[in-house]
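Peer 1: This is the structure, below, for whatever I ask next.
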Amino acid sequence: MRIETTRHLPCTVLRASGVLDHDGRVRFSARINDVWDWSPGPTLVFDLADLDFFDSSVIGVLGLAMQRMAEEGSGRIFVVRPSDHLLSVLRLTDLLSRVEVRDSVEETVAELMLEPEERGGLAEPARIPPQLTSRLDVRRECR
């Protein structure tokens, strides 16, 4: 598993590629701890589109970050370019309501640059781009 981190003024971007399994979860969680204070909140932007494989460890990584944010009383999590499978997993585990979904890292960083510095609290309800919403609707219809 490869993890790249980029520090921006309003957020930290974590791009993961390869295999996110138990061993990857341990490394990924450690990396999140390493960069926790890089951004206000913190605000973490996860780009997981280049994962070749993930198991329930992806839930563990996001869940631990959410738990720590809840304990500290602030923070936001964005998931950028999620696959259909990841969207389904997030929806089934009710994590979709606790993350914000976006189409592009660049647009997310630009959006955050324009927001006021102090937001306080946990993430707002997920705002899902229309093209992803239609993908969710299609899956619901196929059940």
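The values are calculated or read from the model by the stated rules, or taken from the named source; none is laboratory data. Just so we're clear, the structure is a prediction, and the values are computed from it rather than from any experiment. Reconstructed Cβ throughout: ideal geometry from the backbone, glycine too, with neighbour counts over all protein chains shown. Accessible surface areas use protein heavy atoms only, side chains included; no ligands, DNA or RNA. Shrake-Rupley method; radii C 1.70, N 1.55, O 1.52, S 1.80 Å.
Peer 1: Mind checking which residues of the range 7-23 are buried (at least 16 other Cβ atoms within 10 Å of the Cβ) and touching a strand residue (DSSP E or B) at 6+ places or on another chain (Cβ under 7 Å)?
Peer 2: Step one: filter the range 7-23 for residues buried (at least 16 other Cβ atoms within 10 Å of the Cβ), giving 8, 10-16, 20.
If the condition is that a residue be buried (at least 16 other Cβ atoms within 10 Å of the Cβ) and touching a strand residue (DSSP E or B) at 6+ places or on another chain (Cβ under 7 Å), then Pro10, Cys11, Thr12, Val13, Leu14, Arg15, Ala16, Leu20 are the ones that fit.
Peer 1: Give just the number: which of (1) of a type outside the set (Phe, Trp, Tyr); (2) buried (at least 20 other Cβ atoms within 10 Å of the Cβ); (3) at pLDDT below 95 does Val105 not satisfy?
Peer 2: For Val105, the failing item is (3).
Peer 1: Looking at Glu106 and the list (1) in a helix (DSSP H, G or I); (2) in contact (Cβ under 8 Å) with a residue 12 or more places away in the chain; (3) charged (D, E, K, R), which single condition is not satisfied?
Peer 2: So the condition that Glu106 fails would be (2).
Peer 1: Within the range 67-76, how many residues turn out to be open to solvent by less than 10 Å² (accessible area, probe 1.4 Å) and over 22 Å from Glu107 (Cβ atoms)?
Peer 2: Of the residues in that region, 1 qualify.
Peer 1: Would you mention how many residues in the range 77-102 are open to solvent by less than 10 Å² (accessible area, probe 1.4 Å) and either within 18 Å of Cys11 (Cα to Cα) or in contact with a Pro (Cβ under 9 Å, 6 or more places away or on another chain) (or both)?
Peer 2: Count: 8.
Peer 1: May I ask you to verify whether Phe28 is closer than 12 Å to Thr6 by Cα and either β-branched (Val, Ile, Thr) or at pLDDT 95 or above (or both)?
Peer 2: no
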